[in-house]
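Chemist: Sending over a structure as structure tokens; questions will come in a sec.
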Amino acid sequence: MTGNPPEYYVRLRENGAAVFHIDPENRNRRIEMTQIAVINKQGDVKPHGDHILTEYDLAAIAKWQSERTDLDAKRQIDDILRTIDHLNLTASWVQQKATDKDLNAVTDPLLMAMHDLRQILVKKQAARLANNDET
């Protein structure tokens, strides 16, 4: 590892995250990771085992949670923009390359997903327009 390791490391899990304190200064000159907390999907932080979280620990965890929330929001928008690209590529594929067998496999599920998305977008847009008229 180049440079100094961070003071904390967070490992994502399916149901949240595990928070570790990093100790780079032990007698074996190995990096030791000690789990100090868990974060559940709702963002609740609980100490791990008998560890007592300090205000400094809690502040570092809160900072990570805030940064992670921002990152997840950016990734979500990026995923949606990629979905638009995929829809454009799908339209091109349908028009130029898809066989009847291909179309039989994808048409109904794709139409249902597009219909569902369109309904939600129309409702949300109508609500936004109604809110703009009220203000």
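Chemist: Would you please list the contacts, defined by Cβ atoms under 8 Å and residues six or more apart or on different chains, that run from a residue in the range 112-134 that is under 22 Å from Ile84 (Cβ atoms) and in contact (Cβ under 8 Å) with a residue 40 or more places away in the chain to a residue that is surrounded by 10 or more Cβ atoms within 10 Å (Cβ to Cβ) and not hydrophobic (A, V, I, L, M, F, W, C)?
Modeler: The qualifying pairs do not exist here.
Chemist: Any idea which of Asp108, Asp78, Asp116 is assigned to a helix (DSSP H, G or I) and under 20 Å from the mean Cα position of the chain (by Cα)?
Modeler: Result: Asp78 is the single residue among Asp108, Asp78, Asp116 that is assigned to a helix (DSSP H, G or I) and under 20 Å from the mean Cα position of the chain (by Cα).
Chemist: Does the range 84-99 include one or more residues that are free of Cβ contacts under 8 Å to residues at least 24 places away in the same chain and within 30 Å of Gly16 (Cα to Cα)?
Modeler: Yes: the range 84-99 contains one or more residues that are free of Cβ contacts under 8 Å to residues at least 24 places away in the same chain and within 30 Å of Gly16 (Cα to Cα).
Chemist: Can you tell me which of Val94, Val122 is surrounded by 10 or more Cβ atoms within 10 Å (Cβ to Cβ), β-branched (Val, Ile, Thr) and within 29 Å of the chain's Cα centre (by Cα)? Walk me through how you get there before you give the answer.
Modeler: Details: Val94 fails: within 29 Å of the chain's Cα centre (by Cα).
None of the other options fit; the residue is Val122.
Chemist: Pull out all pairs, ordered by first then second residue, where Cβ-Cβ is under 8 Å, the residues are six or more apart or on different chains, the first lies in the range 52-67 and is closer than 17 Å to Asn40 by Cα and without any contact (Cβ under 8 Å) to a residue 60 or more places away in the chain, and the second is hydrophobic (A, V, I, L, M, F, W, C) and part of a helix (DSSP H, G or I).
Modeler: Sorted first by the residue in the range 52-67, then by its partner, the pairs are Leu53/Ile61.
Chemist: If you check Ala37 against the conditions, is it within 23 Å of the chain's Cα centre (by Cα) and surrounded by 14 or more Cβ atoms within 10 Å (Cβ to Cβ)?
Modeler: yes
Chemist: Pairs only if they're at least six apart or on different chains, beta carbon under 8 angstrom, first in the range 7-25 and on the phi > 0 side of the Ramachandran plot, second of a type in the set (Lys, Arg) and loosely packed, with under 12 Cβ neighbours inside 10 Å; list them, first residue then second.
Modeler: Between residues of the range 7-25 that are on the phi > 0 side of the Ramachandran plot and residues that are of a type in the set (Lys, Arg) and loosely packed, with under 12 Cβ neighbours inside 10 Å, the close pairs are Gly16/Lys41.
Chemist: Looking at (1) closer than 30 Å to Tyr9 by Cβ; (2) under 25 Å from the mean Cα position of the chain (by Cα), find the lone condition where Glu55 falls short.
Modeler: The one condition Glu55 does not meet is (2).
Values quoted throughout were computed directly from the atomic coordinates according to the rules given, and no laboratory measurement underlies them. Computed from a predicted model, the values in this text were never measured in an experiment. We place every Cβ from the backbone using ideal geometry, glycine too, and count neighbours over all the protein chains shown.
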